[in-house]
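A.B. asks: Mind looking over this structure? Questions follow.
The values are calculated or read from the model by the stated rules, or taken from the named source; none is laboratory data. None of the values given here were measured: they were computed from a predicted structure. Every residue, glycine among them, receives a Cβ derived from its backbone with ideal geometry; neighbour counts consider all protein chains shown. Surface areas here come from the heavy atoms of the whole protein model, side chains and all, with no ligands, DNA or RNA. Shrake-Rupley method; radii C 1.70, N 1.55, O 1.52, S 1.80 Å.
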Amino acid sequence: MKYLIVAVILGAFFTIIYLRLRPYINMARRVLGVVRDARGMSAGQGMPGGVGGTAAARPKPAGDERLVRCDSCGTWLPASRALTLRATSSNFCSHDCMERSAGESGARRAAR
Ligand SMILES: [Zn+2]
């Protein structure tokens with residue numbers, strides 16, 4: 001019988017606490033719902049990419065440019081700024097390097 005009274009008191013106690021905290025609980029539920037929605041959206045976006053994952057699908061960042069190495073002086077520079085010789089598919093940072101490399105390769109060819 002005592003337990004019943006205690007239970008009733010505890011129940012009333014928790015009910016009062018619940019009623020007092022209800023606005024906060026609703027707020028928290030709303031926040032959690034937003035988080036859940038965001039997670040669902042991100043999960044939905046990840047699904048069409050495949051099981052492997054979008055991050056693994058593209059090894060190089062799309063925004064960043066590919067870096068190429070100057071064949072003459074060894075400087076790394078973005079591919080868009082590099083001078084590329086189509087014949088040898090070699091990259092150079094400047095015309096000077098291109099000419100220098102061309103001269104070197106010409107000298108090597110002449111030496112052979
Ligand atoms: Zn160079």
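A.B. asks: Mind checking which pairs have a first residue in segment 65-80 that is open to solvent by less than 60 Å² (accessible area, probe 1.4 Å) and a second that is in a strand (DSSP E or B) and more than 11 Å from the ligand (Cβ to nearest atom), Cβ under 8 Å, 6 or more apart or different chains?
C.D. replies: V68/P78; V68/T84; L77/L67; P78/L67; A79/L67
A.B. asks: Does S89 fit the bill of being modelled with pLDDT under 90 and polar (S, T, N, Q)?
C.D. replies: In short, yes.
A.B. asks: While we're looking at this one, here's another question. Hey, among R39, R20, R112, which residue is loosely packed, with under 11 Cβ neighbours inside 10 Å and either modelled with pLDDT of 85 or more or within 16 Å of the ligand (Cβ to nearest atom) (or both)?
C.D. replies: R20
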